[in-house]
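Asks: Below is the structure I would like to discuss, written out as structure tokens.
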Amino acid sequence: DAGVTQSPTHLIKTRGQQVTLRCSPKSGHDTVSWYQQALGQGPQFIFQYYEEEERQRGNFPDRFSGHQFPNYSSELNVNALLLGDSALYLCASSSRDREYGYTFGSGTRLTVV
Amino acid sequence: AQSVTQLGSHVSVSEGALVLLRCNYSSSVPPYLFWYVQYPNQGLQLLLKYTSAATLVKGINGFEAEFKKSETSFHLTKPSAHMSDAAEYFCAVSPNDYKLSFGAGTTVTVRA
């Protein structure tokens, strides 16, 4: 049983560009959350999607946007990239009752140059 | 607002010794509390979760944590460290099990 799958694993972008990161949740999960983990820090909550809608959002600017598809997969979009956006972006999925907590993917390492 | 403080950014233990990682939380409501482990170049793996069912929570790989409301603590322990326990450990709190707020992490090294 595949867990959470994220793509791509690594990405290099130039300042000002736009990027799209993708996440497929674990089978049976319908809720997807995105986190940003800067080097040497704990993950920071970006937002969570449930039933194709953003349910909760962290303290991130509007340059960060997302989407959830009918098959529960999700995308994270970041516009007008800044050097400070360089980080590991983690996707986490869970079932509706969150009985077993959140399952995290291995992340996408984004480097902005 | 909910937050977590992990005391000690680095912990070094000898193989076979006790592992103790400290976590204090602040929350205006009874929280959900979690410990996650992260190995290099990997995502986070759930070690254990507190949901008010029992104050002593047993997790995977021999880890356990005790919820102490009076001390607002949720320290993680393992009686005997193994080389494979070398990793980064994160404590997290959630008021409603939606958004997770993580601590800064504690890196554990295990000496042979």
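The values are calculated or read from the model by the stated rules, or taken from the named source; none is laboratory data. A quick note: this is a predicted structure, and the numbers were derived from the prediction, not measured. No Cβ is skipped: glycine too gets one built from the backbone with ideal geometry, and neighbour counts run over all protein chains shown. These accessible areas exclude ligands, DNA and RNA; they are computed on the full protein's heavy atoms, side chains included. Shrake-Rupley method; radii C 1.70, N 1.55, O 1.52, S 1.80 Å.
Asks: Hey, can you tell me all the residues within the stretch A:30-53 that are more than 18 Å from A:THR108 (Cβ to Cβ) and surrounded by 18 or more Cβ atoms within 10 Å (Cβ to Cβ)?
Replies: A:THR31
Asks: Return a yes/no flag: does the stretch B:23-45 have any residue that is surrounded by 14 or more Cβ atoms within 10 Å (Cβ to Cβ), within 24 Å of A:GLN41 (Cα to Cα) and touching a His at 6+ places or on another chain (Cβ under 9 Å).
Replies: yes
Asks: So A:ARG22 clears everything in (1) facing chain B (nearest Cβ under 9 Å); (2) open to solvent by 60 Å² or more (accessible area, probe 1.4 Å); (3) in a strand (DSSP E or B) except one condition, right? Which one?
Replies: (1)
Asks: Let me ask something else about it. Can you tell me which of A:GLN37, A:GLN44, A:GLN6 is closer than 29 Å to B:GLN6 by Cβ and in contact with a Pro (Cβ under 7 Å, 6 or more places away or on another chain)?
Replies: A:GLN37
Asks: Can you run down the residue pairs with Cβ atoms below 8 Å, 6 or more apart or on separate chains, where the first is in the stretch A:48-76 and within 14 Å of chain B (Cβ to nearest Cβ) and among the hydroxyl-bearing types (Ser, Thr, Tyr) and the partner is assigned to a loop (DSSP other than H, G, I, E, B) and open to solvent by less than 80 Å² (accessible area, probe 1.4 Å)?
Replies: Between residues of the stretch A:48-76 that are within 14 Å of chain B (Cβ to nearest Cβ) and among the hydroxyl-bearing types (Ser, Thr, Tyr) and residues that are assigned to a loop (DSSP other than H, G, I, E, B) and open to solvent by less than 80 Å² (accessible area, probe 1.4 Å), the close pairs are A:TYR50/A:ASP30.
Quick grid of which residues meet (1) within 23 Å of A:ARG15 (Cα to Cα); (2) of a type in the set (S, T, N, Q):
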| position | (1), (2) |
| --- | --- |
| A:TYR49 | no, no |
| A:PRO70 | no, no |
| A:VAL78 | yes, no |
| A:LEU82 | yes, no |
| A:SER86 | yes, yes |
| A:TYR102 | no, no |
| A:VAL112 | yes, no |
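Asks: Continuing with this model, one more query. Would you mention how many residues in the stretch B:74-112 are open to solvent by 20 Å² or more (accessible area, probe 1.4 Å), closer than 21 Å to B:THR55 by Cβ and away from chain A (no Cβ under 14 Å)?
Replies: 4
Asks: Name the residue, out of B:LEU56, B:LEU20, that is on the phi < 0 side of the Ramachandran plot, open to solvent by 50 Å² or more (accessible area, probe 1.4 Å) and in contact (Cβ under 8 Å) with a residue 40 or more places away in the chain.
Replies: Unique residue meeting the criteria: B:LEU20.
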